[in-house]
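Peer 1: Let me begin by handing over the structure; questions about it come next.
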Amino acid sequence: MSLFPYLVAAWLFCIGLYGVVTSRNFIHLVMCLAVVQSSTYVLLLTIGYRIGGMPPVFAGVPVGTPAVDPVVQALMLTDIVVEATVVALLLSLAVQVHKGTGTLNPDHLRELQG
Amino acid sequence: MNPRFRRYFFLISVVAFFGVFAWGLHDLPPFGHYRGPYGDILNHVAVYERHATDVVTAVNFDYRGFDTLGEESILFMSVIGTSLLLRPQKKETDNNDGKADNSLQRDLDESERRRAPAASDAARVLTLALVGPLIVFGWYIVTHGQLTPGGGFQGGVILATPPLLVYLAGDLKTFKRITRQEWVEAIEGAGIFGFVLVGLLGLFVGGAFLQNLLPLGQTGSVISAGTVALLNIATGLAVSGGFVQLIYVFLEQTLEVKLRVQGGK
Amino acid sequence: MSLSSIVAHITALPVATPLGTAAVLAALNKFLPRRMADTLAILATLVTLFTETLLLYSVRSQPFVYWYGGWAPRSGAALGICFVIDPLSCALAMLISVLVLVAFVFSLRYFDSIGTMFHVLVLGFLAAMSGFAFTGDLFNLFVFFELMSASAFALCGYKNEETTAQQGALNFAITNTIGAFLVLCGIAMLYSRTGALNMAQIGRALGQQSDATVITAFVFLLVGFYVKAAIFPFHFWLADAHAVAPTPVCILLSGIMVQLGVYAVARVYWAIMAGPFAAHRGALMSLLLVIGTITSLLGAIMCFGQRHLKRLLAFSTISHTGLLVIGFALLDPHALSGVALYVAGHGLVKASLFIGAGILLHRYGSVDELELRGRAQRHHFSGIVFLLGALGLAGVPPNLTFLGEHAIDHAATLVHQDWIPVIFAFSGAITSAAVLRVYGRVYLGWGDRESLRTGKQIPEERETAGPHHRIPAVMILPAFLMVIAALGLTLTPKLRRAAETGAFTMADTAAYQSRVLDGAHLPNTFAPPGQTALTPTLISTSCAIVFGLLLAAWSLSPLWPKQDVIVRPFKLVMGGLRSLHSGHVGDYVAFLTLGAAAIGIVLGLLIRRFGM
């Protein structure tokens, strides 16, 4: 049972990749990439969790109370910013691809073969 | 590869990949038993050393403040990159000079079809009434990052929503009037530059880049935790400016950019 | 106060200067005249380069560690983020700055810079790569990895008129983002195991244990960074991206960004994994040698089959990066010094070759080899870049690439991998033959227009402002300076020795750890003196250039077979390889998944089942 939360992260990674590979629409594909990314959130938070630990905010709580790991939360915050921005970049590329070719389907774009 | 073959090829690969992933995970410490030491040390020392009650913010803006400079720059580069990619192409124009009246062009120009019906009065009143409180709330989140969950990133995103609400309640013209691009770019650049500047001041005053240079203040007060508060404000500026610019370029691209050449696509 | 203690204060500048300048340029986007932006950007790059030179000078005898925010470690536990300044990271950062400088100088004639955005993005790229070279913190490495990606994606799709540019950038962005997530998963697993993000601390905490978590985490880091380094089977994005990116961006992508992927794995290996893999060096070595060899051969063959000049150079980069992986795979400091020299030599040569392509695009509005046939017959002067570049790719002495190959060959004979010079000769021959063929066709008008029908033709627009009838000095001069530097630097006394010192210092894991964690002042580690035979490398490189010349001449002569039965199998192979490079991002991600799984399984089996 103690492995289960980790496996959720691995599962999210794989199912997100499945979406990326089989996607027929770049917008959908970018969202699948966000699913892959969410697996890293799950993994990071799972790693820092401590049973019975409180959030690492010591407002009105004495220092020394068992708390979960603040570092992974800080890392996850970075991770979220990375995602938001990468998604914005990818969507703008998708907008331009659609404008240039009239399609968002990767199957219909073959100009770069060879 | 055709789609069918690709799917089977991938399914076989991903099963193996999942196996490798799971093999690596099964040796990790069991769930709920974080062993430290990094997080535990910080949980113990951050409140004393930084006078910040929110340890996550202390990590983000002090102990690992350099990461946050990089992270803010990722946002910055992506915003600039998005504006670059979505700039009007040579065959397009983004000014409403009446060319869109040509009916042939209107058919080809998708932006015409994306016009939403005007918002109802109820929606207008409600969204506009939210603008003031949201600005106050965003500012509150930015300035209280060292005390409670929140900080420059979260507050910056909240501060970027009022212009979006104005667009939803009104129209693009109003949105563009209140978000002059020169100003948005200046705010964003000022946020990044402010972060670098605080870092350099730390270098001159304290001896290391991003070293604290302000009095730490009283734990639990708004003016505490030294440079953490300054960095939060710089980040808040950069994030709010960045997100407003993202909204701006996407709205402009989808609603206003017109084909310049008639009938040509 | 000694020099190094003063110099330590400027350690943050290689990151802070470009970022601060980028912020100013972005804030004043609408107000700054173009030339002002150019000047500021070049000044910032020069300051960065100067800082790095000072840093290199100050660490010539002893590396130092710089803690951001002044958070020095307490009883062996790091609280903050550090930069580890050692000779190799300084030299790498200097190479980065030089190439960025060249890119800025080249882009002085860029026709459409859209305010200051191009400058802002390149400066961000510079800050990211410098930070990436210096950092001693694993998560910070990831942050700079992503910063590098974010600016590179946008720069790659710069020409938003061309749909191929957007597709190339999309493929690049999607595959590299997945690579970054793999890196993050690897970091998370190591963090869970050791509770540390500092590389030295992770390494010390792991000691010698190599359980499933450590192996998998290393595989994820390896795959993530090798996606960036475009190693088989993760290389597909590179040709798409390089073929469509503007020339100054190609200089940076091909000249240094790709190689930083190899550097990151080497850094992670020597700082963290040298302990856990101490007993399993054989397993890692065999795996990496196989991957590197396949990459190198595949890149070379694909390179020869291209008619789009930038795409041709892109595949040559893949081939040479494969050689770098072979060098690193020997897991030996001697070979590491060779890799460092090879990176420098290849970076300079490849950047000048891309400038050569940019010059042709400027002058004749095309980078298609067949379209350009014979059109540059009156411009032999710029053709010299291609000739010297081909020599550099083949590793002909006195190129830096020759010195690098020599060090790698030497390390290879020590571990009885005597076939490695053959791979170097093969890749050198084919890639230099491709470049020589381009020279012959474009500058001499040899060959016919029909022989190379198979390659992909991608239309490309001019990037530069007129007048187009002459070649501006800001284009041709940097190209010449770089190819000459690649030749001349070899004659610098003690360069080889300095590279060895850098490599041995980087590979000295114990010293690295006590420098970072205990604040120990330890001098550089020096290589044991000794002479090595030049013969294998001389044979290898002369074979490379002779076969390269013969192959180029053959491919331009009427004897080159057209529809013969003899070339049928070759064409079948080429057709198969081409169809793998489908331009479909789904295929690329599927291969990425397969590669990650295969590397994990093979490494796990070799270590667990065969006890290697």
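Each reported figure results from applying straightforward, stated rules to the coordinates on display, with no laboratory input. Computed from a prediction, not measured in an experiment: that's the story for all the values here. Please note: Cβ atoms are built from the backbone with ideal geometry, for glycine as well, and neighbour counts cover all protein chains shown.
Peer 1: In segment C:24-92, which chymotrypsin sites (Phe, Trp or Tyr not before Pro) fall in coil by DSSP and have 14 or fewer other Cβ atoms within 10 Å? Can you show the working numbers first?
Peer 2: Details: sites: C:Phe31, C:Phe50, C:Tyr57, C:Phe64, C:Tyr66, C:Trp67, C:Tyr68, C:Trp71, C:Phe83; in loops: C:Phe31, C:Trp71.
Here the sparse-neighbourhood loop sites are C:Phe31.
Peer 1: For chain B, modelled as a Gaussian network with Cα springs under 10 Å, which listed residue fluctuates most, B:Ile247, B:Ile12, B:Ile80?
Peer 2: Among B:Ile247, B:Ile12, B:Ile80, the largest GNM mean-square fluctuation belongs to B:Ile12.
Peer 1: Could you list C:Phe220, A:Phe58 in order of exposure, starting from the residue whose Cβ has the fewest other Cβ atoms within 10 Å?
Peer 2: Numbers: C:Phe220 27, A:Phe58 23.
Sorted ascending by nearby Cβ count, the order is A:Phe58, C:Phe220.
Peer 1: Could I ask something else about it? Averaged over its residues, how many other protein chain Cβ atoms are within 10 Å of peptide B:42-49's Cβ atoms? Intermediate values should be presented prior to the final figure.
Peer 2: On the way: counts 8, 12, 4, 3, 5, 6, 1, 2.
Partner Cβ neighbours, averaged per residue: 5.
Peer 1: Per-residue HN-Hα couplings for segment C:177-190, Karplus 6.51 cos²θ - 1.76 cosθ + 1.60 at θ = phi - 60°, whole Hz, x for Gly and Pro?
Peer 2: Listing the rounded values in order: 5, 5, x, 5, 5, 4, 4, 5, 4, x, 4, 4, 5, 5 Hz.
Peer 1: Within 10 Å of each Cβ in A:8-17, how many Cβ atoms from other chains are there, averaged over the peptide?
Peer 2: On the way: counts 0, 4, 10, 3, 0, 9, 9, 2, 2, 12.
Mean shielding by partner chains, rounded to a whole number: 5.
Peer 1: Put a dot 7 Å past each Cα toward the Cβ at C:Ala510 and C:Arg60; how far apart are the dots in nm?
Peer 2: 2.9 nm
Peer 1: State which helices in chain B qualify, where a helix is a whole DSSP H run, it must extend 20 Å or more along its own axis by its Cα atoms, and its mean Kyte-Doolittle hydropathy must be at least 1.6.
Peer 2: Details: long enough: B:3-25 (31 Å, 1.14); B:65-85 (30 Å, 0.97); B:121-143 (34 Å, 1.53); B:181-205 (35 Å, 1.44); B:227-255 (41 Å, 1.39).
Membrane-span-like by this criterion, though nothing is claimed about a membrane: none.
Peer 1: Considering just Cα atoms, how many Å³ per residue does the convex hull of chain B enclose? All intermediate terms of the calculation are to be shown ahead of the outcome.
Peer 2: Details: hull volume 59.3 nm³, N = 265.
In chain B, the Cα convex hull volume per residue is 224 Å³.
Peer 1: If R₀ is 56 angstrom, what is the calculated FRET efficiency for the pair C:Arg497 and B:Ala122, using the beta carbon separation as r and rounding to 0.05? Walk me through the numbers before you get to the answer.
Peer 2: Numbers: r = 79 Å, r/R0 = 1.40.
According to the calculation, E is roughly 0.10.
Peer 1: Between C:Asp448 and C:Arg35, how many nm apart are label points set 7 Å from Cα along the C-beta direction?
Peer 2: Reported label-point gap for C:Asp448 and C:Arg35 is 5.2 nm.
Peer 1: Provide the convex hull volume over Cα atoms per residue for the protein assembly as shown, in Å³. Intermediate values should be presented prior to the final figure.
Peer 2: Numbers: hull volume 162.7 nm³, N = 991.
Once divided by residue count, the hull of the protein assembly as shown is 164 Å³.
Peer 1: Helix-only estimate, please: 222 nm mean residue ellipticity of the protein assembly as shown, summing -39500 (n - 2.57) across DSSP H runs of length 4 or more and dividing by its residues, to the nearest 500.
Peer 2: Details: 39 runs with 659 residues, N = 991.
My calculation for the protein assembly as shown gives -22500 deg cm²/dmol from helical runs alone.
Peer 1: Cα-based Rg of segment A:4-108 per 2.2 N^0.38 Å, rounded to two decimals? Walk me through the numbers before you get to the answer.
Peer 2: Numbers: Rg = 18.4 Å, N = 105, 2.2 N^0.38 = 12.9 Å.
Rounded to two decimals, the normalised Rg is 1.43.
Peer 1: Next up: Expected output is a single nm value to one decimal: the length gained when fully extending between C:Asp418 and C:Val474, i.e. 0.36 nm times separation in residues minus the C-alpha distance. What is it?
Peer 2: On the way: separation 56, 0.36 × 56 = 20.16 nm, distance 4.37 nm.
Using 0.36 nm per residue and subtracting the Cα-Cα distance, I get 15.8 nm.
Peer 1: Averaged over its residues, how many other protein chain Cβ atoms are within 10 Å of peptide B:175-182's Cβ atoms? Write out the running numbers ahead of the final one.
Peer 2: On the way: counts 0, 0, 0, 0, 0, 1, 2, 5.
What the average comes to for B:175-182 is 1.
Peer 1: Further question on the same structure: Relative contact order (percent) for chain C, with alpha-carbon contacts under 8 angstrom and 6 or more residues of separation?
Peer 2: Working: 1078 pairs, mean separation 101.6, N = 612.
17 percent.
Peer 1: Also, I was wondering about something else. So what's the net charge close to B:Val196: Lys and Arg +1, Asp and Glu -1, counting the other residues with Cβ under 15 Å from its Cβ? Can you show the working numbers first?
Peer 2: Details: positive: none; negative: B:Asp67, B:Glu71, B:Glu72, B:Glu188.
Residues close to B:Val196 contribute a combined charge of -4.
Peer 1: Of the trypsin sites (Lys or Arg not before Pro) in segment C:362-399, which ones lie in a loop per DSSP and count no more than 10 other C-beta atoms within 10 Å?
Peer 2: Details: sites: C:Arg363, C:Arg373, C:Arg375, C:Arg378; in loops: C:Arg373, C:Arg375, C:Arg378.
The qualifying sites are C:Arg378.
Peer 1: Given R₀ = 22 Å, FRET efficiency for B:Phe137-A:His28 by Cβ-Cβ distance, to 0.05?
Peer 2: Numbers: r = 34 Å, r/R0 = 1.52.
It comes to 0.05.
Peer 1: Connecting C-alpha atoms closer than 10 Å in a GNM of chain B, tell me which of B:Ile233, B:Ile135, B:Ile74 has the biggest fluctuation.
Peer 2: Maximum among the listed residues: B:Ile74.
Peer 1: Sticking with this structure for a sec: Would you mind checking which residues have amide H under 5 Å from C:Gln62's amide H? H placed 1.01 Å from N; only 5 or more apart, or other chain.
Peer 2: Residues meeting the amide H criterion: C:Asn524.
Peer 1: Still on this structure, I have one more. Show the residues, 5+ positions off or on another chain, whose built amide H is closer than 5 Å to the amide H of A:Ala67.
Peer 2: A:Met54
Peer 1: What is the pair-distance distribution P(r) of segment C:199-314, computed from all Cα-Cα distances in 10 Å bins starting at 0, with each bin given as a whole percent?
Peer 2: For segment C:199-314, the binned pair fractions read 13, 39, 27, 16, 5, 0 percent.
Peer 1: Further, regarding this structure: For the pairs B:Lys173/C:Lys30; C:Lys159/C:Lys228; A:Lys99/C:Lys30; C:Lys30/C:Lys159, flag any whose C-alpha to C-alpha distance is greater than 25 Å.
Peer 2: A:Lys99/C:Lys30
Peer 1: Let me ask you something else. Tally Lys/Arg at +1 and Asp/Glu at -1 over every other residue whose Cβ is under 11 Å from the Cβ of C:His362; what's the total?
Peer 2: Taking every Cβ under 11 Å from that of C:His362, the sum is +3.
Peer 1: With N residues in chain C, what two-decimal value do you get for its Cα radius of gyration over 2.2 N^0.38 Å?
Peer 2: Working: Rg = 23.0 Å, N = 612, 2.2 N^0.38 = 25.2 Å.
Normalised Cα radius of gyration, chain C: 0.91.
Peer 1: Among C:594-607, C:569-582, how do they line up by average Cβ neighbours within 10 Å per residue, starting with the highest? Don't skip to the end; give the middle numbers.
Peer 2: On the way: C:594-607: 20.1, C:569-582: 14.1.
Ranked by mean Cβ neighbours within 10 Å, highest first: C:594-607, C:569-582.
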